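Every number in this text was worked out from the coordinates using simple rules, so none of it is lab data. Just so it is clear, the model here is predicted, and its values are computed rather than measured. All Cβ positions, glycine included, derive from the backbone under ideal geometry; neighbour counts span all protein chains shown.
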Amino acid sequence: MEFKPIAIEDKYRINGYLRKYPPNISDLTFTNLFAWQKSKRLEYAEHEGHLMIRFNGDRYLQPVGPDPAGMIRKIGGRFERVDLGIAMNTGLPYEPDPAHDDYLYSMVDMAELAGDKYRAKRNFVNRIATLKPDVCELTAPSVYEFLELNKQWCKLRDCHSNEELSAEYVAVTIVLENFDKLGVSGVFVRIDGKPEAFAIGEPLNHDTYVEHFEVAGQIKGSARFML
């Protein structure tokens with residue numbers, strides 16, 4: 001297979017596979033692959049009707065195509081972030097990785113925040129609501145204002161001294177700088193006229209929306225207010 005780096009020009013080719021074979025794994029959106037390509041050395045190849053994603057030189061994400069389990073058996077090597085049903089169908093040994101499980105939330109639950117389960121989140125939301133936040137759609141003309149907030153987020157957390165936080169800062173910057181081209185959607189919050197938090201996401205499949213990033217400033221609870 002001939003792998004190559006993921007460029008913005010590859011969006012339609014890669015999305016062709018993702019739309020024909022909608023994934024359940026949040027990693028498998030073009031936005032995610034493009035945003036993290038620098039830190040994870042993400043590359044792609046087309047092989048026997050499948051989209052193959054390689055990262056860090058010798059690891060693979062779940063193949064996207066008509067027979068991902070069969071492709072895993074055929075290619076061999078180390079595959080990560082594989083849907084459980086597909087992993088079971090390979091007939092090969094596999095090991096769960098709870099640390100990298102996706103979090104799934106019901107939209108109804110997030111809208112209502114009912115019951116003890118969501119008490120802590122409800123308290124954060126109520127606290128932010130007392131500050132009379134302005135909640136608006138994030139659009140391309142407002143993106144550059146939030147590049148500055150992302151820089152503040154990085155500075156507050158001294159992100160350049162932490163490899164994971166630094167990689168996240170770069171990924172968020174890439175998405176903001178390519179907001180229009182990626183076709184993502186977002187929402188932001190202003191408090192006292194100043195940008196305080198934003199979130200960016202997109203549909204993963206027909207019934208799931210994936211939130212790629214939440215970035216917040218110094219006000220406690222503003223990140224939780226976004227979801």
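Subtracting the Cα-Cα distance of Thr139 and Lys220 from their residue separation scaled by 0.36 nm leaves 26.7 nm. Since only Gly115, Gly49, Pro23 are under comparison, the one whose Cα sits farthest along the positive direction of the charge dipole of the chain, derived from C-beta charges on Lys, Arg, Asp and Glu, is Gly115. Counting only DSSP H runs of at least 4 residues, each contributing -39500 (n - 2.57), and dividing by the residue count of the chain, the helix-based mean residue ellipticity at 222 nm comes to -10500 deg cm²/dmol. Highest mobility in the GNM of the chain, judged by mean-square fluctuation with C-alpha springs under 10 Å and restricted to Met71, Met110, Met52, is found for Met110.
Given +1 on the Cβ of Lys and Arg, -1 on the Cβ of Asp and Glu, and no further charges, what dipole in debye does region 1-50 carry about its Cα centre, rounded to the nearest 20?
The calculated dipole for region 1-50 is roughly 200 debye.
Only four residue types carry charge here, +1 at the Cβ of Lys and Arg and -1 at the Cβ of Asp and Glu. Report the dipole size of the chain about the Cα centre in Debye, rounded to the nearest 20.
Values: 28 positive and 34 negative charges, 63 e Å.
For this selection, approximately 300 debye.
For the chain, the longest principal axis of the C-alpha atoms and the axis of helix 143-156 are separated by about 90°. Highest-first packing order for the peptide set 197-209, 138-150 is 197-209, 138-150, based on the mean count of other beta carbon atoms within 10 Å.
Candidate values (1) 28; (2) 20; (3) 44 were compared with percent of Cα pairs over 31 Å apart computed on the shown model; the agreeing label is (1).
Would you mind checking the pairs Lys11/Lys38; Lys4/Lys155; Lys38/Lys194 and listing those with alpha carbons more than 22 angstrom apart?
Details: Lys11/Lys38 16 Å; Lys4/Lys155 33 Å; Lys38/Lys194 31 Å.
Too far apart for the 22 Å limit: Lys4/Lys155; Lys38/Lys194.
Near Val210: Cβ cut-off under 10 Å, other residues only, Lys/Arg at +1 and Asp/Glu at -1. The net charge is -4.
What does the extension gain come out to for Arg41 and Asn56, with contour length at 0.36 nm per residue minus their alpha carbon separation? Kindly include the intermediate steps, with their values, before the conclusion.
Working: separation 15, 0.36 × 15 = 5.40 nm, distance 0.52 nm.
Computed gain between Arg41 and Asn56 is 4.9 nm.
For Lys121, the lysines whose Cα falls under 16 Å of its own Cα, not counting residues fewer than eight places away in the same chain, are Lys220. Looking at region 4-100, the pairs of alpha carbons with a distance over 23 Å make up 18% of the total.
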